[in-house]
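Working notes for the structure below.
What follows is calculated from the coordinates using simple rules that are stated; it is not laboratory data. Quantities reported herein were computed from a predicted structural model and do not represent experimental measurements. All Cβ positions, even for glycine, are placed from backbone atoms using ideal geometry, and neighbour counts span all protein chains on display.
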Amino acid sequence: MLSKLIDPQSVAVIGASAKQGSVGYVILENLVNRFQGSVYPVNPKYDEAELWGRKLKFYKSILEIQEAVDVAVIATPAPTVPKVLEEAGRKGVSAAIIISSGFAEAGNAELENWVRAVARQYGIRVLGPNCIGIYNAYSNFDTVFLPADRAGRPPPGPLALISQSGAVAAAIMDWAARRRLGLGFMANYGNKADVTEIELLEAFANDDRVKVITVYIEGFKYFGEARRFLETARKVAVKKPIVAYKAGRGSAAQRAVRSHTAAMAGTYEMYHGLFKQAGIIEASSVREMFDMAKALATQPIPRGRRVLVVSDSGGMGIQAVDALESLGLEVPEVPESIAKELKRELLPFAAVSNPIDVTGSATDEHYKIVIDMLLPTAFFDMALIVTLMQVPGLTKNLSEYIIDAKKYGKPIAVVNFGGSELVQKFEEALEDNGIPVYPTPDRAAKALWALYKYGEIRRRL
């Protein structure tokens, strides 16, 4: 239903500009230089302009474009938007993204209602107003009006983000791009005059390129919206994980939510209960949301809650156990028969209970021995592996041993901390091969908890 909005073949940019640094310029630059479909600039001020080494024809109105247009991106002053949208409707456009602000969020609800009425009259699905729209990493359909050198664009990948805040979405995209995190889609719905997070959830649930849906939400706006969100999320969560972060939890934050997108924050307790009923995994921060999402996108669902901890640092191993147990996960003892065998294979001073401490004198092969001896057994459901690569016996070959352990079909999360070239290359090798890496034990523990939690959700729903 929203395919033309998220995956268009052609787009008209109404309010496109040749003025460097303006919103209409950046959107046009993004689309002309990277989008795989057709782009039509619309602005009555121009006939043509030479931009990025090519001459671009500008149209006075969308009605002048002879070819079919899937999406109209509107970046004109708010009072002009109803007329522009009406012309888009007469052109036969099926979806519009209204970048412009100055509607309900600024106390101008009447103008927003007018936009909604025009959209309904012509059957146009509208995203926004007051939004940055869509980022589709697969086709480079990109309506984010922030320059790419300031807000990076992440590579294609299994994550989708639905965000009520445009600035938060852009910051997440930038953060994900710097970490090569595969964020294939971003949708920012702003004031949600028409398209809401509910329909976006449905759209991404039906897209095979998306494995995990992340949601940044500030508040619902319409009567009955919470109930519809709950019903939809319950259906989607059976198919693929949803991880959500609710902002606007305290009274002062709730005032900010109202002035941001004209939404009502509501009580945090209501959202917490709703997420639980819907089978949504709740995050306590945006960072945690993506920590959990990348594990959910790459790791199998565990059969139980028992975690094997392997470390070359006794201190890190203890921290990992604390974090895992505080989340309700178990760190069971290694069976005595296997512990005896480990004693023979590892260094004499290695600790062979759980956590297993291969010590700072460990080699790559010591990790391999532990992993291959314990992870295939029925005693453990997943593994948290701490690899402080500063110790002299470890090399990048350790990444190959850990990647090879995927054959056991159990979730693995790695803790790797430091800044040397070896540390970075080691981390890249793991993440490029589907092993999530975290800088601290508590973050890796939360990611494993999310995997266990989603297994519970699948069994319950």
**Message:** From the phi angles alone, apply the Karplus equation (6.51, -1.76, 1.60; θ = phi - 60°) to region 362-367 and give each ³J(HN,Hα) in whole Hz, x where the residue is Gly or Pro.
**Reply:** 6, 10, 4, 5, 5, 4
**Message:** Cross-link candidates for Lys192: which aspartates and glutamates have Cα within less than 18 Å, leaving aside residues fewer than 8 places away along the same chain?
**Reply:** Glu105, Glu110, Glu112, Glu202, Glu218, Glu225
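If we sort 337-350, 192-205, 397-410 on the protection proxy, mean other Cβ atoms within 10 Å, highest first, what's the order? Don't jump to the answer; show the numbers that get you there.
Values: 337-350: 13.4, 192-205: 22.3, 397-410: 17.5.
Output ranking for 337-350, 192-205, 397-410: 192-205, 397-410, 337-350.
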**Prompt:** Cα extents of region 300-460 along the three principal axes, largest first, in whole Å?
**Reply:** 47, 37, 28
**Request:** With an 8 Å cut-off on Cα pairs and a minimum separation of 6 or more residues, tell me the relative contact order of region 300-460 in percent.
**Result:** 29 percent
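Based on the Cα atoms of region 45-102, what semi-axes does the equivalent ellipsoid have, where each is the square root of 5 times one gyration tensor eigenvalue, given in whole Å with the largest first? Don't jump to the answer; show the numbers that get you there.
Values: eigenvalues 86, 46, 22 Å².
With the √(5λ) rule applied to region 45-102, the semi-axes are 21, 15, 10 Å.
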**Asked** Between the DSSP loop rule and a limit of at most 14 other Cβ atoms within 10 Å, which chymotrypsin sites (Phe, Trp or Tyr not before Pro) in region 46-100 are left?
**Response** Trp52
**Helix axis angle, 268-278 relative to the chain longest principal axis, alpha carbon, degrees** = 80 degrees
**Item:** For Val309, residues with placed amide H under 5 Å, excluding near neighbours
**Value:** Ile356, Leu384
**Asked** What ranking do 154-162, 420-428, 298-306 get when scored by the average of other Cβ atoms within 10 Å per residue, highest first?
**Response** 154-162, 298-306, 420-428
**Message:** Nearest 5 percent is fine: what portion of the DSSP beta bridges confined to region 300-460 is antiparallel?
**Reply:** 5 percent
**Request:** State the antiparallel share, in %, of DSSP beta bridges confined to region 63-193, rounding to the nearest 5.
**Result:** 35 percent
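Using just the helices of the chain, give the 222 nm mean residue ellipticity in deg cm²/dmol: DSSP H runs with n ≥ 4 each add -39,500 (n - 2.57), and the total is spread over all residues, rounded to 500.
Roughly -12500 deg cm²/dmol at 222 nm, from the helical runs in the chain.
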**Request:** Enumerate the amide H contacts of Val39 below 5 Å, restricted to partners 5 or more residues apart or on another chain; note that Pro and chain-start residues carry no placed amide H.
**Result:** Val11
**Prompt:** What is the magnitude of the charge dipole of the chain about its Cα centre, with +1 placed on the Cβ of each Lys and Arg, -1 on the Cβ of each Asp and Glu, and no other charges, expressed in debye to the nearest 20?
**Reply:** 1040 debye
**Message:** In whole Hz and in residue order, list the ³J(HN,Hα) couplings for region 223-234 that follow from phi through the Karplus curve 6.51 cos²θ - 1.76 cosθ + 1.60, θ = phi - 60°; x for Gly and Pro.
**Reply:** 4, x, 5, 4, 5, 5, 4, 4, 4, 5, 4, 4
**Complete:** Binned at 10 Å starting from 0, the alpha-carbon pair-distance distribution of region 2-296 in whole percents comes out as 7, 30, 36, 22, 6, 0
**Prompt:** How far is helix 336-345 tilted, in degrees, relative to the longest principal axis of the Cα atoms in the chain, given as a value from 0 to 90 rounded to the nearest 10?
**Reply:** 90 degrees
**Request:** Mind listing the long-range amide H neighbours of Leu161? Cut-off is under 5 Å, sequence gap 5 or more, other chains count too, H placed in the peptide plane at 1.01 Å from N.
**Result:** Phe185, Met186, Ala187, Thr214
**Prompt:** Restricting to the chain, what percent of DSSP beta bridges are antiparallel, rounded to 5?
**Reply:** 20 percent
**Request:** Treating the angle as unsigned and between 0 and 90°, give the value, to the nearest 10°, between the Cα long axis of helix 23-34 and the longest Cα principal axis of the chain.
**Result:** 60 degrees
**Request:** Would you mind checking the pairs Lys294/Lys425; Lys246/Lys407; Lys4/Lys60; Lys239/Lys294 and listing those with alpha carbons more than 26 angstrom apart?
**Result:** Lys246/Lys407
**Request:** Compute the normalised compactness of region 1-120: alpha-carbon radius of gyration over 2.2 N^0.38 Å, N being the residue count.
**Result:** 1.03
**Item:** Vicinal HN-Hα couplings computed from phi for region 306-320 (Karplus, 6.51 cos²θ - 1.76 cosθ + 1.60; Hz; Gly/Pro x)
**Value:** 8, 10, 8, 10, 10, 8, 9, 9, x, x, 5, x, 5, 4, 4
**Message:** Sequence gap at least 6, Cα distance under 8 Å: using those rules, report the relative contact order of the chain to the nearest whole percent.
**Reply:** 11 percent
**Message:** Can you find, among Pro8, Ile213, Val168, the residue sitting farthest towards the positive end of the charge dipole of region 2-296, where Lys and Arg contribute +1 and Asp and Glu -1 at Cβ?
**Reply:** Ile213
